[in-house]
Amino acid sequence: MEKIEIPQEENKILEGQRKVMYVTDSQGHFERQKYGSSIEEFATQTAVEEFEQLCSESLENIQRGISSPIEYFMYKNRMDLPTLSSVIGMFSFRVKRHLKMKHFKNLNDKILQRYCEVFDITLDELKDFRK
């Protein structure tokens, strides 16, 4: 990508910081160039709003006894099912079962501790979830 093609727009989400992109100069050598993009800002903001919405829906489902606290912490940490499954090291069908309250209640502390490590919370915060 040439320097003249790099967007230099303000990105409020990055709070004044800039991202780096590698470009080639006139001799074909790579150099770093800072950039910002309002399109990227819009996409990031949309994703953040989506996870906030999923968090609030998850809280409602937890209160109704449908979803487990794992679902809430998954969305709070901006993860989806494939991401959490990968990080936790389990098949997605197992993790999907753990997102339901009826299966969550039967999980042993060893499995719950794995989730706690991923979410950076204590076992008590996960087991005695109250929001």
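The values are calculated or read from the model by the stated rules, or taken from the named source; none is laboratory data. None of these values were measured; they are calculated from a predicted model. As a convention, Cβ positions derive from the backbone with ideal geometry for all residues, glycine included, and neighbour counts pool all protein chains shown.
Listed values, structure above:
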quantity	calculated
Residue match in the range 33-52 (condition: part of a strand (DSSP E or B) and surrounded by fewer than 16 Cβ atoms within 10 Å (Cβ to Cβ))	yes
Complete set of residues in the range 39-85 that are within 13 Å of the chain's Cα centre (by Cα) and of a type in the set (D, E, K, R)	49, 50, 52, 71, 76, 78, 80
Candidate set from the range 26-48 (those that are within 20 Å of residue 78 (Cα to Cα) and among the polar types (S, T, N, Q)); member that is modelled with the highest pLDDT	46
Scan of the range 33-79 for residues that are in contact with a Phe, Trp or Tyr (Cβ under 6 Å, 6 or more places away or on another chain) and over 22 Å from residue 128 (Cα atoms), ordered by number	51
Filter result (part of a helix (DSSP H, G or I) and crowded, with 16+ Cβ neighbours inside 10 Å) within the range 60-75	61, 62, 69, 70, 71, 72, 73, 74, 75
Matching residues in the range 6-25 - criterion: being exposed (fewer than 12 other Cβ atoms within 10 Å of the Cβ), in contact with an Asp or Glu (Cβ under 9 Å, 6 or more places away or on another chain) and at pLDDT 70 or above	22, 25
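Yes or no, residue by residue, for (1) closer than 24 Å to residue 47 by Cα; (2) in contact with a Ser or Thr (Cβ under 6 Å, 6 or more places away or on another chain):
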| site | (1), (2) |
| --- | --- |
| 86 | yes, no |
| 91 | no, no |
| 97 | no, no |
| 104 | no, yes |
| 109 | no, no |
| 112 | no, no |
| 115 | yes, no |
| 122 | no, no |
